[in-house]
Every structure is written in C-alpha cells, then in structure tokens.
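In what follows, a single structure is set out as structure tokens and then discussed.
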Amino acid sequence: MNGWLLAAALVLGGGVGATLWGVATGPLRRRVVAQNLSTALACSGLLLLAQGYDRPAYVDLALVLALLGPVGTLVFARLLADELAADQPRARGLTWAAGLGAAVVVALCAAAGPSRETVKLLVTGVLLIGGNLVASRALSGGIAGVRGG
C-alpha cells in the first residue's frame with residue numbers, strides 16, 4: 001500500500017462513510033448537504049485511487065462525477081424547494097470538501113508533471129470546486145429561480 005491508497009482509504013472510508021450516515025438520517029436540510037458533500041469526496045477519492053493504482057480511467061470517472069454530482073444536487077434543490085424553504089441548509093459557500101478536492105488536484109498535478117493528464121486533472125478540479133460552490137449556493141437559496149425565489 002502506498003501513500004496515495006492510504007489517503008484514498010481515509011477520504012473514502014471516513015468522509016464518504018460520514019456523509020452516507022448524514023444522507024440516511026436526520027432532517028432534510030442535512031440530507032441534501034450530505035449528498036452534495038458525498039459526491040465531492042467520492043471524486044477526490046477516485047483521483048487518489050487513480051494515482052495509487054496507476055489507472056487513468058479512474059480520472060475519467062472522477063471527471064464525470066465532478067460534472068454530474070452538482071447537477072444532481074441542483075435537481076434535489078429544485079424538487080425539494082418547498083420543503084427546504086422552511087428549514088434552509090446553511091452551506092452557502094465552499095465546503096471543506098472543495099478545499100480537500102483542490103489539495104488533491106494540486107498534489108496530483110505535481111506528481112504527474114506537465115502532461116495531458118495534468119490538464120484533465122485541472123479541469124476536474126475546476127468542475128469539482130465550481131460545482132460545489134454553485135450547488136451549495138442553490139441549496140441555501142442563493143440562486144434566484146432554482147428554489148422558486
């Protein structure tokens with residue numbers, strides 16, 4: 001086991017396990033924030049696994065997840081707008097998972113060096129951080145029209 005796999009085990013085991021607990025229990029506002037958080041953590045975990053196992057296909061999966069994860073959160077925000085209006089989530093800005101995603105992308109770019117893989121990692125990082133910001137703002141009612149406001 002190398003350091004990349006250990007980091008992936010910590011991110012996936014600890015972070016995704018905790019977010020799955022948040023999705024399965026608690027009030028609705030915690031469930032939708034935990035769903036958004038789980039996609040960000042799973043994306044970071046896939047990037048770490050790609051480096052640990054030397055499998056570039058995992059980077060493609062992380063790229064797709066970074067693109068579609070926030071879209072799923074926006075769908076939940078729109079469909080559950082009435083229920084969330086009474087008890088709004090407080091995730092207005094970037095969550096710590098976006099910071100973790102940025103740290104993972106920077107570390108992997110340094111390990112990969114200048115290449116096409118670095119460009120793909122940077123695109124994944126931009127989608128991960130930007131998607132997390134947009135989805136968090138939408139959940140807390142910060143984007144007009146997404147939550148009926």
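The values are calculated or read from the model by the stated rules, or taken from the named source; none is laboratory data. What you are looking at is a predicted structure, and each value in this text was computed from that prediction instead of being measured. Methodologically, a virtual Cβ is constructed for each residue, glycine included, from the backbone with ideal geometry; neighbour enumeration extends over all protein chains shown. Side chains are part of the model used for accessible areas, which takes the heavy atoms of the whole protein and leaves out ligands, DNA and RNA. Shrake-Rupley method; radii C 1.70, N 1.55, O 1.52, S 1.80 Å.
Does P114 satisfy being open to solvent by 50 Å² or more (accessible area, probe 1.4 Å) and either assigned to a loop (DSSP other than H, G, I, E, B) or in contact with a Lys or Arg (Cβ under 7 Å, 6 or more places away or on another chain) (or both)?
Against the criterion (open to solvent by 50 Å² or more (accessible area, probe 1.4 Å) and either assigned to a loop (DSSP other than H, G, I, E, B) or in contact with a Lys or Arg (Cβ under 7 Å, 6 or more places away or on another chain) (or both)), P114 qualifies.
Where the second residue is not in a helix (DSSP H, G or I) and the first is modelled with pLDDT of 90 or more and lies in segment 48-67, which pairs have Cβ atoms under 7 Å and are six or more apart or on separate chains?
Listed pairs, sorted by first residue: A50/P56; G52/N2.
If you scan segment 21-47, which residues turn out to be basic (K, R) and touching a residue at least 40 places away in the same chain (Cβ under 8 Å)?
If the condition is that a residue be basic (K, R) and touching a residue at least 40 places away in the same chain (Cβ under 8 Å), then R29, R30 are the ones that fit.
Could you name every one of the helices (runs of 4 or more DSSP H) located completely within segment 1-89 that has at least 3 residues being crowded, with 21+ Cβ neighbours inside 10 Å and not charged (D, E, K, R)?
Of the helices (runs of 4 or more DSSP H) lying wholly inside segment 1-89, those with at least 3 residues that are crowded, with 21+ Cβ neighbours inside 10 Å and not charged (D, E, K, R) span 28-53, 57-79.
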